[in-house]
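First up is the structure itself, then whatever we jot down about it.
The values are calculated or read from the model by the stated rules, or taken from the named source; none is laboratory data. Since we're looking at a predicted model, the values are computed, not measured. Cβ atoms come from the backbone with ideal geometry, glycine included; neighbour counts cover every protein chain shown.
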């Protein structure tokens, strides 16, 4: 039970770190944009993030995933971080949170 709580706390901190990463062209963080598909915490505090980009030709294709990795690695108790970029399923603006859609004028 206690290990599950520790994992949740670390996962919440990972999520908070991810929410500090912004697409340089869009004033919304990558989580609210819907770019994060999966966050997993494995023993011994190894973090796996599966994410996408707004398009394969995204100008920030190199910087966004490495910034996500760097922000997570800065967290206390994190051992290792793996960030995988996928385009399956392809990104769609429908993946944005309501807050992101509101911020960008979609609703």
Q. Given the conditions (1) over 9 Å from the mean Cα position of the chain (by Cα); (2) surrounded by 19 or more Cβ atoms within 10 Å (Cβ to Cβ), and given that residue 36 satisfies all but one, which numbered condition is not satisfied?
A. (1)
Q. Given the conditions (1) free of Cβ contacts under 8 Å to residues at least 40 places away in the same chain; (2) touching a strand residue (DSSP E or B) at 6+ places or on another chain (Cβ under 8 Å); (3) part of a loop (DSSP other than H, G, I, E, B), which single one is not true for residue 20?
A. (1)
Q.
Restricting to the stretch 51-78, name every residue that is within 17 Å of residue 89 (Cβ to Cβ) and surrounded by 14 or more Cβ atoms within 10 Å (Cβ to Cβ).
A. 51, 52, 53, 54, 58
Q. Within the stretch 59-75, how many residues turn out to be free of Cβ contacts under 8 Å to residues at least 24 places away in the same chain and in a loop (DSSP other than H, G, I, E, B)?
A. 1
Q) So residue 79 fits all but one of (1) modelled with pLDDT of 95 or more; (2) within 16 Å of the chain's Cα centre (by Cα); what number is the exception? A) (2)
Q: Within the stretch 33-51, track down each residue that is closer than 11 Å to residue 72 by Cβ and either in a strand (DSSP E or B) or in contact (Cβ under 8 Å) with a residue 60 or more places away in the chain (or both).
A: 39, 41, 46, 47, 48, 49
